[in-house]
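A short write-up of the structure that comes next.
All of the numbers you see were taken from the coordinates with simple rules; none came from a lab. Note that the structure is predicted; figures quoted are calculated from it, not measured. With ideal geometry, Cβ positions are generated from the backbone for all residues, glycine too; neighbour counts draw on all protein chains shown.
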Amino acid sequence: MQAATVLAVFAVQFFALHGDRARAQMSVPESATQASAVAQRQELPASPAPAPASAAATMAPSGDAARPSAATAPSAASSPICTAPAELVRFERPLVHTMQRLANALPLTIVAIGSSSTAGAGASSPDATYPSRLAVELRMRFPGRDITVFNRGANGEETNNMMARFSTAVLAAHPQLVLWQIGTNSVLRDHPLNPHAVQLHDGIEQLKASGSDVVLIDPQFAPAVIAKSETKGMVEQIALASKQENVDLFQRFAVMRDWHNVQHLSFDIFASPDRLHMNDWSYACLAKLLGTAIAEAATRPIAAAAVHPAMDSAKPDVR
């Protein structure tokens, strides 16, 4: 009787032990299936993913960068293609001073001046700002050339603030090309357009007088900007000033609008969580498109005398 009892207890323990193991083994395929489903969702091209924590260093913006935010951009696997209509990334005028430096293998200096979207609010690091990425793009397009891009962006500034810094932040570097990003903060603060028009023309004249090529960059197409009633007028004002002053314009507003309205990219793809600033992906794409425009305008066939001023003007044009 005792032996029968011992055998019964042993049988219960044996089946309980192996039953637990069997249940544990059965649970593995279910977990693997869930992991596989998650991996497939992450690979979808339209699924943005936050930047890794180690790369999400938050900048300390002010003014139009009043709300600090960690940079958010699509993962490498899900990043959309950087593209824009050709007419939006071609300058109307050649960059003659830039062309001269490149044609003669001389160092090229570029100054990018603007507010927080030049300084890089929303970027994960200084290397992810558009001026830093632009330097990389241009060095790739012109290998072996000495090309420097200075970032002279300052958070919260408006046109008059930037003009006050021209002598020290821009002219002191003796640039051949100045990229002037303007308009966003004036719109965000609901300032009237007429005074800004006067400042804009004065500023362009100062930059042209220094012997630099000038490219204007208009506001970003982002929720916080397009919500303002003066945005359309500001974009039109900058476009008109570029024509009247005979300087080039990079149509950032139209490029980003194309991303959203034509390519159907969500704002989460190219805007920071503050719904105002750009992020790593959009800064890099901006730099790529701007680099394309600069390279074309600086190598466009024109009269040889424009590239080599010392050349005898009686010689025929070389194209």
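Overview of values
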item	result
Among beta bridges that DSSP assigns inside region 83-300, antiparallel share in %, nearest 5	5
Computed label-point distance, nm, for sites Asp202 and Ser229 using a 7 Å Cα→Cβ extension	2.7
Environment charge of Leu265, counting only residues whose C-beta is closer than 12 Å and scoring Lys/Arg +1, Asp/Glu -1	-1
Modelled FRET efficiency - R0 41 Å, Ala164 with Val136, Cβ distances, 0.05 increments	0.85
Unit charges on C-beta of K, R, D, E only; dipole of region 83-300, Debye	380
Neighbour-count ranking [beta-carbon atoms within 10 angstrom, fewest first] of His196, His260	His260, His196
